[in-house]
Amino acid sequence: MLLSACGGGKAARAEIPPASQRQWATLAPADPASANSVLMRAISLVGTPYRYGGNTPQAGFDCSGLINYVYRDMLDLALPRTTRDLAAVQGPRIAPERLSPGDLVFFGSRGSVTHAGIYVGEGRFVHAPSSGGTVRLDHLDGHYWRDHYSGARRVL
């Protein structure tokens, strides 16, 4: 469902270097131990089925359910349950070149946020993308994600 909106002209994709050519900054998180625990837990959930409204490994996850579960499970940090509310969390907005492991990344179009994930570093993020899919690692330079990136928030 989410990926069915992929598109865009060839010229737009050609202007951005492929993932293998882009250099991603490696910014250390303010709290490396917390960031590491979040990342290890999020990565351990790769392969868990997507389920709209899901917020546990047993029931499956949607994107905001995955984020909420990981931060609550590892850090006892309660975050908002919806993607829109997550995007409104107090904290600095982060430009792509300033991302740090554990940051929340957001995607959407026309000013609305419709998807979110957890940045793990080197341009990659963990998320629960769509019906019929599973939690997975993707690259921010993938054409859909690059074209729909709307910002990030630092919560650690």
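By how many nm would the segment from residue 43 to residue 90 grow when fully extended, if each residue of separation counts as 0.36 nm and the alpha-carbon distance is taken off?
Separation in residues times 0.36 nm, less the Cα-Cα distance, equals 14.4 nm.
Mean-square fluctuations from a GNM of the chain, with a 10 angstrom spring cutoff on Cα atoms, peak among 59, 35, 128 at 59. Taking 22, 110, 136 as the candidate residues, the one with maximal mean-square fluctuation in a Gaussian network model of the chain, Cα springs under 10 Å, is 110. Counting neighbouring Cβ atoms within 10 Å and putting the fewest first, the residues 115, 143, 127 line up as 143, 115, 127. Considering only alpha-carbon pairs that sit under 8 angstrom and 6 or more positions apart, the relative contact order computed for the stretch 28-153 is 27 percent.
Comparing 120, 89, 105 in a Gaussian network model of the chain, where Cα atoms under 10 Å apart are tied by springs, the biggest mean-square fluctuation is seen for 89. With contributions of -39500 (n - 2.57) from each DSSP H run of at least four residues, the per-residue ellipticity at 222 nm computed over the chain stands at -7500 deg cm²/dmol. Note on the stretch 26-102: with charges restricted to the Cβ of Lys and Arg (+1) and Asp and Glu (-1), its dipole about the Cα centre is near 140 debye. Using semi-axes √(5λ) of the Cα gyration tensor in Å as the read-out, say which of (i) 23, 19, 14; (ii) 38, 19, 14; (iii) 26, 18, 13 was calculated from these coordinates. From the options (i) 23, 19, 14; (ii) 38, 19, 14; (iii) 26, 18, 13, the structure gives (i).
Magnitude of the Cβ-charge dipole of the chain, K/R +1 and D/E -1, about the Cα centre, nearest 20 debye? Please list the in-between numbers first.
Numbers: 16 positive and 12 negative charges, 54 e Å.
Once rounded to the nearest 20, the dipole reads 260 debye.
Bear in mind that the values in this text are calculations on the coordinates, not laboratory data. Remember, it's a predicted structure, so these values are computed and weren't measured experimentally. Using ideal geometry, Cβ is built from the backbone for each residue, glycine included, and neighbour counts are taken over all protein chains shown.
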